[in-house]
Every structure is written in C-alpha cells, then in structure tokens.
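J.: Attaching a single structure in structure tokens format; questions to follow.
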Amino acid sequence: MSFIDGLRHRVRVWRRRGDYERGIDDELRFHLDLDEEQRRSAYNGDARSDARRRFGNVTYHREETRHAAGLDYFDGITNDVRHLVRSLRRSPGFAAVAVLTLALGIGATTAMLSVVDHVLIHSLPFRDADRLVMLLERGDKGGFRTPSAPTAEDWRRDPGVAKAFDAVSFIRGEGMTLRVGDDAESIGVGLVGPEFFPLLGARPVLGRVLNDDDQRPDAPPVAVITYNLWQRRFGGDPSILGRRISLDSVPVTVIGVMPNGAVYPGFASAWEASSQNRHKEVMTKRGLHADSRTIGRLRAGVDSSRAVALMRTVESRLADSYPAEQAHWNAAMLPLRDEIIGNVKPMLLALAGAAALLLILACANVANLLLARVAARSRELAVRSALGASRGRLVRQQLTESLVLALAGGTLGTLLAAAAVQLARKLPAEKLPRVEELAVDHRVLFVAAAASVLTALVCGLWPALRATRPTSGEVLRAGALGSIGVRSESRLRRGLVTVQFALAVMLLVGGGLLLQSFRRAAAVDVGLNPRGLVTLRLAPPPGAYVKPSEAAALYARLIDAARAVPGVVDAAFINHFPFGGASIYTSIQIDGRLDIDTSSNQILYRTVSDSYLRTVGMTLAAGRWFGDADLRSPGGQFVLNASAARLYWPHESAIGKRITVHRASQARADFGQPLPGVVIGVVNDVHQVAQDVVPAPEIYVPYTLETWPWGTLVVRTRGGAHSIPALRDAIAGVDARLVEKGSSGLAKFGFVDAAIASRLEPRKLSLSLIGAFAACAIVLAAVGLYGVVAYGVTQRTRELGVRKALGATERMIASLVIRESLVLTGIGIVVGCLGAWAGARLIHDLLFQTTPADLTVYAPTIVMLLGIGFLASYIPARRATRLDPTIAMRGE
Amino acid sequence: MTMPKSSRADLVPGTLDMLILYTLTLGALHGYAIAQHIEKLSDSVLQVEQGSLYPALERLQRKGWLTSKWGQTPTGRRARYYTITASGRKQLGEEITDFDRVMLAINRVMKRA
C-alpha cells in the first residue's frame, strides 16, 4: 500500500471524524453488550463486570482503536499549528522578519529575472529568431558599415551564399511624412522586397504582407503598418484595411497590420514595396551606404562562421571589381537580437546579478534567523524530549513552523513579484520592448521560491534534529551550567553573517560605481548650453517650398519671426539637432590624402544657419564660424568639430585645408553630389547622442549651400515654456500650415534640457533599482549581525556576569561584544570588496569614467558598513553592560 | 507515532491479522462474531484479546484489506460488519504462505517433520 493511499484513508477518516469516533464507541459498546448477554446465559454472576473484565481497559482500547484508525494523525498537526501560532505571537518580530526576508528575496529576484528573461529571450516575435542575423561589412581598420544595395544583391544572387541562408533581404529606411486627415507626422518607413516578411517569420494580425505583385513598378502603392501605428493613429480600427493614407504626399492603401512588437528596423512604422523607392539611385549606386539594413535568415544547422566565409568569397570578388568602393571591406554578421536589444543587455544582466545576490542574502538571513531560533529553543526541546515527547513529534513541529513561514514568505513574495511586474509594465515601450506582454516568469518564480523554501526547511529541520538527539541531555546540563551553546551552529551563523556582509558590500559597491558613473555623466559638459533652449521640428506642407531656394527663404523668415518674439534671445536652423534621435552621416574626401577612407559614411552632416553657434552656446576652438557672407557665397566653407579635426589632422591645424563632402539629403535630386570647399573653423565638440557617448566627427555646412527639405528651428529663450504660445503664433504668422494641430503633429516643441536629461533615464532607472537592492541588503545584513550578537550575549550571560563581578567596567564589557562583531563585519567587508572588484568587471560596459577599483566608491562603503556593524552590535552590547551580576550568575 | 502493540498474550504475534482475514472469507461479520468464531474453532485455545481486535480491524481497513459497513444484526441491533476486499484476499494468501513456511521451519527445528 502506498503512502498516498494511507494518507487518503486518513483524510477520509478525519473528515468524518465525529461519526467515526461515535462509531468506535458504539462498536465497543455493542461488543460488551453481546458479551454480557452471552455471560448472562452461561451463569448468574455479574455478567456486565465479567464482560468488562474480559475486555480490559475500555478507554485504553478506544484510544488504541482511534490511533489505528488514524484519527489522531491530524490531532498532532492541529496541535503543532496551535503551538506555532502561540509561539509566533510571542515573537512577532522574528516571524515578520523571516517572512519579509523570504518575500523580498523571492519577489525581487522573480520580478527582475522575469524582465531580463522577457527582454533577452522573448522580446523578438519572430519565428526561430536565433537564426536571424544582420549582415554587415567590417573595415580592415575596424568599424562597421551597412552594405550598399548592389553589394547586398550580389550576396543574394551568389549560389554559395544561398546555401547558407534561407533568404537575404535589403531594407531601405526612409523618413516620410504621414498625413491622416489634417494631422501630419514624420514616421520611419522600411522599403522592402517580397522576401522580407517570410524571412522575419512574422504573420500579419490583419490583412496580408507585401507580395511579388506589389513589387511591380506599375503596381498601386500599398503599405503594411505596425501594430503601434495602427493603435496610435487609427485607434486599432478593425476596418483599417483598404484605407488611404498619404506618405510623402503619395496616396497609399493600407493592406496589412503586423503583430505587436514585430518591427524591423526599429524605426519603422510602416513598410512599402522597394519598387516605391522615391530615390532610385540608392538601389543602384555601389558607394552609397545610406540608411539601410541587410538581414538574413540562416539555414537550419548552418553556423554563422560558415555563412560569413561564404559571403567573404563574394566580398573578395567585389573588392577586385570595385576597388574604390569595396577594397578593405569584408563581410561580417551580428545576431539580429544584438541590434534590437543590444544596449539594454548589460544593464539587465547587472540587475539580474544584483537580484541573484539579494536572493542569496535573503536565504542566508532566513537560515540565520531559523538557526538562532532553534538554538534559543534547544533547552525547551531538550526538556520536552526528556518529558517523553517523541523525537519525530518535536522535529515535525519545527518543520511545521518552517513550512508555515516559508509558505507565508512565498505567497507574499509571489504577490510582490506580481506587483513589481505590474509596475514594470507601465514603462514606456521604448524602454522595454513588448512591455505589455511582460509577465511573471513562472520558472524563475519556482526556482526562487524553491530556493527560499528549501533554505527555510533545511535550516529549521537540521538544528531541530540535532537539538533532539538522544544525547540532548547535555543541553540540559549545559543549561544548568550557563551554557556554551552548540558550537558548530554558532560558527555556522557567524559564517552566514560574514557572507551577508560580503554580499551587501558587493551590492553597495556595484550601486556606488553606477552612481559615480551617473554623476560623472550628468556633470559632462555637452558642449552647448541647454537652458531655455527650445526646438521645433519643421516640415513644410506637401508641394510647398520644394525648391531649395524657397525652403532657405522660409527658414530665414522663420528665424526672423522667432527673434521678434519677446523673451527670445536668438534663433537658428539646423537639419538634425543633437539629442533628437535622427542624424545623417556622409562621406568626406580630403585633397592629397589617400589614407582617409572615403567609401563609408564616417562624418555627421549638419546644415546650419549662421546664427546657430551663438544660439546654442557652442564655442569656437580655432578659425572662425560662418558669417553672413559665407551663407551667400557659392563656394564651400565648412566648419569641423574638434573630433573631426583631430581625426584627420592629428598633428596640424585643420584651418584652410581643402576637403570634399557629399550632399546627403536623400530627398533631393543632387543627393550624393560632391561639395568641394575649405575648412574655415573648428568648434569644440557637442555631444550628439548622450552625455556618456563620445562625440563623433561632425561637419557643419551653411544651410544655403545644401538646403534640407525639413529641419529644426532652435530658439534660445529666457522663459522656456512661457515663450511657446507666442512662438507658435509667430510661426503661424509665417505659414499657418507649419503648426498644425494634433499632439502628434509636426509642430512639436521640445526642451533641450529635458531631452539631454532623458538620455540618462536608463542609468537613473537601473541606479534606483540597484540602490533599492543595496538598501535591502544592508538591512538584512544588519538584522543578521544583530541576531548573532544578541544571541551571543544571551549565551554568555553568566560569563559576563562573572567578569563584571570581578571588576570589568561597562566599557570593557561593551568592547568585548563589539570587538567580536567588528571582526565578523571586517572579514565580510574584505571578502566583499574582493568580490565587488571582480564582479565590477562584469558591469564594465555600464561604467562611465569610473574604474572597477574606484576608491571614492569603496571608501564610503567600507565606512558605512563598519558603522552598521557597530550599530547592530551596540544594542546587545549595552544590554550586556547593564547585566546585574548577581542575577546573571544565579542563572536559572 | 508509535505503532499499536499487537496481540501479545494468546496469539502468535502477527497471526491475528491472518486469522481475521481468514475468518472474513466466510462472509461479512461484526467484531464480536469474528472473535467468537476464532475462539470457537480453536476450541478456546486461541483467545482473541478483545482490546487488540478493534485496533487490528482499523489497521486492516487503513491498509485497504477490509471494508466496513453499519448494518442490523438478526436481533435488530446496530453493528459494524466487516468484509474482506480483493487485496485483503491477496494479502491473506501471502500471510498463509509465510505462516506455513515459519511453521515448517519450527517443526524442522523441533525435529517433528
């Protein structure tokens, strides 16, 4: 018979225990009655008492029968629970700390790892996403570029490469103006071939994807849109299919909606057939590495190194045929996952590591608490054991307690994890891909809960087994003598406290390194003065200001109009303002210099008005900035940033050097045409992406020389937001169509200081999370130390009493206690510092101007933890000094 | 949890279960009748210690070898009737085999076989 069957029988009996007990009574009475009748017929004596005598002790037999029936099986558990509730009520602090510690460990770890798992594993909604790769070219001197369309086509057509890939697809990215009714906005559009959607392995939620027919040059223009655009602009309207929208003034029919998160490239809000490309030269010019991606799906079982080798045979052929464009470049590939989620990975891994440390710390703390509790109870257990309680019974009781604590902690931890995940779901989608699908990861929850519960059970069971050993009489005798306690347990507890302090140091140092990085990044001079600087994205209405001269005149009028607004100091025009997301690279040639690679886009291209320098507060490093005359001059005058000047002329001045850049506005017919000119000045670097990203080489061109079809109006104001209504009116005075209504419209004002600050948001977020972990770690470590020291004092009551009676001062007693705890703290700190130093290498990518051994982080951490070690032992130490020696020595 | 002491005095230890199971192969009986039956057939040599009978019946039920039901005696009293189950019969077979082997071994030792 299996244990389960037996248990089932017991449960069945127990559920009908009232009937059952009565049944046993009835049955025994029936037996006695029958026996009595038999006796009576046999002889005349007192038949009843004879039957009783024959039967024996009725009560005893009833109890035996109850026991055999399993009726008392659950009595024990009911008693245990009653006992437990009583004892927990007596020490609510213990119960609360144990439960909260477990909850914290389980909750924090589960929430954090759920997010990490979601982002790293589940965030790509593509079939067999592991086989998706981005195809690139790597320069001999380092650096990557996306291949030009003809190169991608050569790869596609090569029979060798075809063996390695199911498909290869070239995607051209383009910024377009989407108009729906009155509302206009600028969106990213991917121009793709028919192989693109099958390659990704994502099916539309509505309608269909682009097919071969859509690719015919005479086919009507159609678009597939992203889930996000569908929700945002069309409110998830199910009748969206067949609807006409306008993309760059071309009417386009919506034919499909992709599922949530199925977006590639990341900037795309819609896809059109590549035959709709308005800029044909992009598809044919070999030297053009415009905004594009080439992706591939590896054949099942083909490893990436073999695929790269096959692509390289094509590359070397291309290098021979087109030395100008292809020499010194070779094929390379990256997992698509890295491109899509690359920059959040180190942060997520750091957070997952922090969560894991916290879980270990929580387990150590629970172990410590339970060991202390059993140790404190060892006498009670020994007494009960001596009075006849069976060992199994005592152990079971201890186990019940651990189990109840573990279950309470586990439940609370699960709730905590669910709440934290719920909170994380409120993050904007650009911070966490597919955030709305984020859910508590049940495997992680299981592992975290199992780890904590197992710790609780082992730490409850093991000392209970020891304390109830047959030799536990020693405990009783030891108690009478004043007790030295169970040595190995207290050694274990000291070890645990040391581990706790080491882990706390690691978390604190990790958090400290990130805090220093954040502070140093926030203190970086970005090269311009963001205060009161307001930006406005400009996009002329379709069909208006098409000619460069018309657009340039518009920008000039807008600058003048903005300047006339009260509270405005100055105004300027730039094609792409830094910290704004979009930017355009172009290629540069330097006369007489063959060592400069001209085949890739290596320099950021800015077309600006002459007022730009003073409006944004940039500073000049050498030469001069554009003057009015430069704007009207037909010849090229250029200004470089310091990074560009240093890169090209490391040992001499850049001023006066002749260079050629290539026009980079893809909307213009003269796209890619050379613009020869001379360097007239060098400005100090302005950060373009974020405070903690090194500025890239940059070239400034007068906006009259290459007039961007759209751009950004930059306005220096005294009052910031206060000037915006008047500014809007002034713009509308020039052309009302520029400030159309609608929150998603083109006329969106931005504040540069906010834009710059937002670049450190991810750092801030991870910092606050790790800060919270570190705070929990400190509390747990302090609780652990306090518990050990306080218990030590209780155990040494007699010894301390004797010392005091022999003349030890309060100071001596206190220092005795505190010294011991500082030794534990000290060892923990040393171990922790070594661990942190080793672990900080793992978060190297997240550090900014901070080394893993930054003393400004370690020193305060060490001081702080020593202080906490002192405080945690101070309270028990004070109690020790207040011992009354007579009471202490009299003992029990 | 301590196990109940099995019939110490008048029965060979461990044989009570076997006797109960065997008795019940005759049909459903209440506790008193089981005890009576065992005593009668053994010419009162085997005395079932009353107090161990009922714990044994509970134990056998718990193991799934017996089931019980409340019913009426011919004299109209309420009594609990025990019935042997299929697995009880199987168990009985095993116990008899064991018992025979032990008896044979004892007889051999006593040089009676």
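The values are calculated or read from the model by the stated rules, or taken from the named source; none is laboratory data. Keep in mind that what you see is a predicted model, and the values were worked out from it rather than measured. When we count neighbours, we look across all protein chains shown, and the Cβ atoms used for this are built from the backbone with ideal geometry, even at glycine.
J.: Restricting attention to the range B:75-91, report how many residues are away from every other protein chain (no Cβ under 11 Å), of a type outside the set (Val, Ile, Thr) and free of Cβ contacts under 8 Å to residues at least 60 places away in the same chain.
T.: Within the range B:75-91, residues that are away from every other protein chain (no Cβ under 11 Å), of a type outside the set (Val, Ile, Thr) and free of Cβ contacts under 8 Å to residues at least 60 places away in the same chain number 3.
J.: Let me ask something additional. Counting only residues that are modelled with pLDDT under 85 and not in a loop (DSSP other than H, G, I, E, B), which one in the range A:729-748 is farthest from the chain's Cα centre (by Cα)?
T.: Only one residue fits best here, namely A:Ala736.
J.: Here's something else I'd like to know. Are any residues in the range A:26-45 out of contact with any Asp or Glu (no Cβ under 7 Å at 6 or more places or on another chain), more than 10 Å from chain B (Cβ to nearest Cβ) and surrounded by 13 or more Cβ atoms within 10 Å (Cβ to Cβ), and if so, which ones?
T.: A:Glu36, A:Arg40 - these are the residues of the range A:26-45 that are out of contact with any Asp or Glu (no Cβ under 7 Å at 6 or more places or on another chain), more than 10 Å from chain B (Cβ to nearest Cβ) and surrounded by 13 or more Cβ atoms within 10 Å (Cβ to Cβ).
J.: Taking the condition modelled with pLDDT under 75 and within 28 Å of A:Arg763 (Cα to Cα), does A:Glu474 pass?
T.: It is false that A:Glu474 is modelled with pLDDT under 75 and within 28 Å of A:Arg763 (Cα to Cα).
J.: What are the residues in the range B:46-58 that are in contact (Cβ under 8 Å) with a residue 24 or more places away in the chain and in contact with an Asp or Glu (Cβ under 8 Å, 6 or more places away or on another chain), if any?
T.: B:Leu46, B:Gln47, B:Val48, B:Glu49, B:Ser52, B:Pro55, B:Ala56, listed by residue number.
J.: Does the range A:358-377 include one or more residues that are in a helix (DSSP H, G or I) and within 14 Å of another protein chain (Cβ to nearest Cβ)?
T.: Among the residues of the range A:358-377, not one is in a helix (DSSP H, G or I) and within 14 Å of another protein chain (Cβ to nearest Cβ), which makes the answer no.
J.: Scan the range A:577-603 for residues that are crowded, with 19+ Cβ neighbours inside 10 Å and either at positive phi or at pLDDT 90 or above (or both) and jot them down.
T.: Once the filter is applied, which keeps residues that are crowded, with 19+ Cβ neighbours inside 10 Å and either at positive phi or at pLDDT 90 or above (or both), the range A:577-603 yields A:Phe577, A:Pro578, A:Phe579.
J.: What number of residues in the range A:410-424 are under 16 Å from the mean Cα position of the chain (by Cα) and either of a type outside the set (A, V, I, L, M, F, W, C) or buried (at least 20 other Cβ atoms within 10 Å of the Cβ) (or both)?
T.: Total meeting the criteria: 3.
J.: Do we have B:Arg59 as at the interface with chain A (Cβ under 9 Å from one of its Cβ atoms) and either closer than 18 Å to A:Val13 by Cβ or part of a helix (DSSP H, G or I) (or both) here?
T.: yes
J.: I've got another one for you. Quick one: would you say A:Arg203 is touching a Leu at 6+ places or on another chain (Cβ under 6 Å), within 19 Å of A:Leu336 (Cα to Cα), in the same structural domain as A:Trp271 (by TED's automatic domain parsing) and among the charged types (D, E, K, R)?
T.: Details: touching a Leu at 6+ places or on another chain (Cβ under 6 Å): no; within 19 Å of A:Leu336 (Cα to Cα): yes; in the same structural domain as A:Trp271 (by TED's automatic domain parsing): yes; among the charged types (D, E, K, R): yes.
It is false that A:Arg203 is touching a Leu at 6+ places or on another chain (Cβ under 6 Å), within 19 Å of A:Leu336 (Cα to Cα), in the same structural domain as A:Trp271 (by TED's automatic domain parsing) and among the charged types (D, E, K, R).
J.: Oh, and also: Across the range B:16-56, which residue is nearest to the chain's Cα centre (by Cα) among those that are outside any helix (DSSP H, G or I) and of a type in the set (Ser, Thr, Tyr)?
T.: The residue in question is B:Thr25.
J.: Starting from residues that are within 10 Å of chain B (Cβ to nearest Cβ) and β-branched (Val, Ile, Thr), keep the ones in the range A:1-25 and report whichever is nearest to B:Arg80 (Cα to Cα).
T.: The residue in question is A:Ile24.
J.: Please list, ordered by first then second residue, the pairs with beta carbon atoms under 6 Å, 6 or more apart or interchain, first in the range A:46-71 and more than 7 Å from every other protein chain (Cβ to nearest Cβ), second surrounded by 14 or more Cβ atoms within 10 Å (Cβ to Cβ) and not in a helix (DSSP H, G or I).
T.: Close Cβ pairs (under 6 Å, with a partner that is surrounded by 14 or more Cβ atoms within 10 Å (Cβ to Cβ) and not in a helix (DSSP H, G or I)) amount to A:Arg66/A:Asp72.
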